[in-house]
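To start, the structure under review is shown below, and the notes come after it.
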Amino acid sequence: MATQYSGNAAPLARPAQDTTSTPVIRKINLSDLRDALRQGWEDFKAVPSHAIILCVIYPVLGLVLARLVLGYSVLPLLFPLAAGFALLGPFAALGLYELSRRREAGEEPSAWDAVDVIRSPSFGAMLGLGTLLLALFVTWVATAQAIYVAAFGYEAAAEMPDFLRRVLTTPQGWWLIIVGCGVGFLFALVALCISVVSFPLMLDRHAGAGDAMVTSLRAVALNPIPMAAWGLIVAVLLVAGSLPLFLGLAVAVPVLGHATWHLYRKVVAPDPNQQPIPPRPPRERRPAADFPANLFPWRRKGGP
């Protein structure tokens, strides 16, 4: 009968080691939110031109949106559309997270670094979660339209004064404000819970969308008061940025985007077993004179 020695015998089966450790969630307080905003402001000051270029679509989109809404007499959707864009903010700020990550690592971030986020191994997961937020946004707009129809029917307001009179001076308008804000709060709460740290986590650790959402839910569950305060801060800054014809969003959105990265650093403890990510190969710089040939790189490699 063979004798098995513990000193030199290898076990028959060895459990597979998990390649991704479960993120450790830390408790934070209100002072951490203030510190995250301060660091976000510092990032914005360090790369203001890049941040504004990345977020200039927000005021432009707001102005176009206002013109379309006013032109087609669908005023009831103006506020739901403007407020609903906050649901898409976590995904739209991907480039800002990348800028903050590189600046945190001691690099000098550039606009190309922000665009480089699409080359991340987890960009597919980010795109999937972004699609979920887009579906949430569309559902919110449809729900807001249904609430307005329930209050005033299908008759559209003739112009802005008529719309404001209906909403602010009638019982139906007050009901619309209360119910609309209540339902909108629920949509914002869902978006906050599933995305408050999800995108920074996917960018930093290349986590899947499911794991990122679970981590975000855990972060909110462990820090309910600070996360509620963070949601209120985001709402107040976005509303304040929207008031001057949406132009203030060119500052509010990048500051919040940078601050979200630093909030993630405070909430999720660093992974001690995380392997360093190999640097991406530098882009090949091609002269502008070769523009037509750049469209056909295989011709340059195989042709004369």
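For region 178-199, enumerate the residues that are touching a Leu at 6+ places or on another chain (Cβ under 8 Å) and open to solvent by less than 30 Å² (accessible area, probe 1.4 Å).
If the condition is that a residue be touching a Leu at 6+ places or on another chain (Cβ under 8 Å) and open to solvent by less than 30 Å² (accessible area, probe 1.4 Å), then ALA191, CYS193, ILE194, SER195, VAL196, VAL197, SER198, PHE199 are the ones that fit.
Is it true that ALA158 is of a type in the set (A, V, I, L, M), out of contact with any His (no Cβ under 7 Å at 6 or more places or on another chain) and at pLDDT 85 or above?
No: the conditions fail for ALA158.
Take the conditions closer than 24 Å to GLY95 by Cβ, charged (D, E, K, R) and in contact (Cβ under 8 Å) with a residue 40 or more places away in the chain and apply them to ARG218. Does it pass?
No; evaluated as a whole, the condition is false for this residue.
Restricting to region 146-158, name every residue that is open to solvent by less than 70 Å² (accessible area, probe 1.4 Å) and in a helix (DSSP H, G or I).
ALA146, ILE147, TYR148, VAL149, ALA151, PHE152 - these are the residues of region 146-158 that are open to solvent by less than 70 Å² (accessible area, probe 1.4 Å) and in a helix (DSSP H, G or I).
Every residue in region 214-239 that is surrounded by 20 or more Cβ atoms within 10 Å (Cβ to Cβ) and aliphatic (A, V, I, L, M), please.
Residues satisfying the conditions are ALA219, VAL220, MET227, VAL234, LEU237, LEU238.
Can you tell me how many residues in region 95-138 are in contact (Cβ under 8 Å) with a residue 40 or more places away in the chain and open to solvent by less than 70 Å² (accessible area, probe 1.4 Å)?
Residues in region 95-138 being in contact (Cβ under 8 Å) with a residue 40 or more places away in the chain and open to solvent by less than 70 Å² (accessible area, probe 1.4 Å): 23 in total.
At least 3 residues that are out of contact with any Pro (no Cβ under 7 Å at 6 or more places or on another chain), at pLDDT 65 or above and aromatic (Phe, Trp, Tyr) in each: list the helices (runs of 4 or more DSSP H) lying fully within region 45-119 that qualify.
Result: 78-92.
So THR170 fits all but one of (1) among the β-branched types (Val, Ile, Thr); (2) farther than 30 Å from LEU96 by Cα; (3) open to solvent by 30 Å² or more (accessible area, probe 1.4 Å); what number is the exception?
(3)
The values are calculated or read from the model by the stated rules, or taken from the named source; none is laboratory data. Model, not experiment: these values are computed from the prediction. We place every Cβ from the backbone using ideal geometry, glycine too, and count neighbours over all the protein chains shown. Calculation scope for accessible area: heavy atoms of the full protein, side chains included, ligands and nucleic acids excluded. Shrake-Rupley method; radii C 1.70, N 1.55, O 1.52, S 1.80 Å.
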